[in-house]
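> I am attaching a structure below and will ask some questions about it afterwards.
What follows is calculated from the coordinates using simple rules that are stated; it is not laboratory data. The structure presented is a predicted model; accordingly, all values stated were derived computationally and were not measured. For neighbour counting, all protein chains shown are included, and Cβ atoms are generated from backbone atoms with ideal geometry for every residue, glycine included.
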Ligand SMILES: Nc1ncnc2c1ncn2[C@@H]1O[C@H](COP(=O)(O)OP(=O)(O)O)[C@@H](O)[C@H]1O
Ligand SMILES: [Mg+2]
């Protein structure tokens, strides 16, 4: 019998729950004009809760376009999308922003931090939008910066931080509202391999210790190989899927 009070059983249940379900997703730009261009040609993708999935493919194959749809930053032209059981295609823009703010944390290659303000304030910002009190925002932002080992530099502005440090702040920010899903678009793309390794270790930690569902776009095949499942995209189609090694087996 499954005992939900038993953490071991809980993990099994989580792995069976579907977090992201895309069916027949098409995306065209310049819709309804003579220049209409279909970029995604009918994608099916299911990601279970707690899974760490990577998406690989050449530049221009549609990875970011797909990520924007998964992250509710853009809508598909056709197809169905259930996010944690909710039909997000039917949701209005305002509901979508609400779901996005609560459920999804984004990490980008270029960090996308606000340059005029401190690391601490950058991490607090998503919580401000979520209506969390000032004191709670500050406390949680400090905890998150501690988790990514950025406590000593929390008062620094992004310009005063290295690429790896900026990305650690960006991961803390992505975690601000305790999202179920982390979406990372080439998060190590601008970093040297040692720094990239540390960022990857952080994702493994968040996946294993906090059960975050992670979708990682990467050019680095050796990093993709560490995830549970590797999806290959070519010219707007999913052309391959294979199991990865799962958890990071390094030191
Ligand atoms: N907003 C847009 N308007 C028009 N074309 C776009 C837009 N976004 C992406 N594209 C085109 O879609 C294709 C896939 O882009 P993208 O999803 O960014 O690929 P990847 O992330 O795999 O490099 C490219 O040919 C790109 O030029
Ligand atoms: Mg891209």
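> Pairs of alpha-carbon atoms within less than 8 angstrom and 6+ residues apart define the contacts here; what relative contact order does region 36-161 have, in percent?
18 percent
> Percent relative contact order of the chain, based on C-alpha pairs within less than 8 angstrom and at least six residues apart?
Here the relative contact order equals 24 percent.
> Arrange 59, 118, 97 by Cβ neighbour counts within 10 Å, fewest through most, would you?
Values: 59 8, 118 19, 97 14.
Ranked by crowding around the Cβ, least crowded first: 59, 97, 118.
> Between the helical axis of 163-174 and the dominant principal axis of the chain, each derived from Cα atoms, what acute angle in degrees is found, rounded to the nearest 10?
80 degrees
> Next up: Among DSSP bridges having both ends in the chain, what percentage is antiparallel? Round to the nearest 5.
So the antiparallel bridges amount to about 55 percent of the total.
> Each label point is 7 Å from the Cα along the Cα-to-Cβ direction; what then is the distance between the points at residue 112 and residue 95, in nm?
The modelled label-to-label distance comes out at 2.3 nm.
> Continuing with this model, one more query. Using a Gaussian network for the chain with springs between C-alpha atoms less than 10 Å apart, which of these wobbles most: 73, 145, 223?
Highest fluctuation among the options: 73.
> If each residue of separation counts as 0.36 nm, what is the full-extension length gain between residue 198 and residue 46 once their alpha-carbon separation is subtracted?
Result: 51.9 nm gained on full extension.
> Hey, with R₀ at 25 Å, roughly what FRET efficiency would residue 156 and residue 205 work out to, going by the Cβ-Cβ distance, to 0.05?
For residue 156 and residue 205, the calculated efficiency is 0.60.
> Please give the contour-minus-distance gain from residue 35 to residue 16: 0.36 nm per residue of separation, less the Cα-Cα distance, rounded to one decimal in nm.
2.6 nm
> Taking Cα atoms, how many degrees apart are the long axis of helix 134-147 and the longest axis of the chain, rounded to 10 and kept between 0 and 90?
Once rounded, one gets 80 degrees.
> Multiply the residue separation of residue 84 and residue 242 by 0.36 nm, subtract the distance between their alpha-carbon atoms, and state the gained length in nm to one decimal.
54.5 nm
> Okay, next question. Nearest 10 degrees is fine. How inclined is helix 119-129 to the longest principal axis of the chain, computing both from alpha carbons?
60 degrees
> Which of 92, 103, 27 moves the most in a Gaussian network model of the chain with Cα springs under 10 Å?
The residue with the greatest mean-square fluctuation here is 92.
> So what's the gap between the Cα centers of region 143-173 and region 178-251, to the nearest angstrom?
20 Å
> If I take every Cα pair under 8 Å that is 6 or more residues apart in region 157-223, average their sequence separation and divide by the length, what percent do I get for the relative contact order?
Value for region 157-223: 37 percent.
> Moving on. Highest GNM mean-square fluctuation, the chain, Cα pairs closer than 10 Å: which of 173, 138, 116?
Of 173, 138, 116, the Gaussian network model singles out 116 as fluctuating most.
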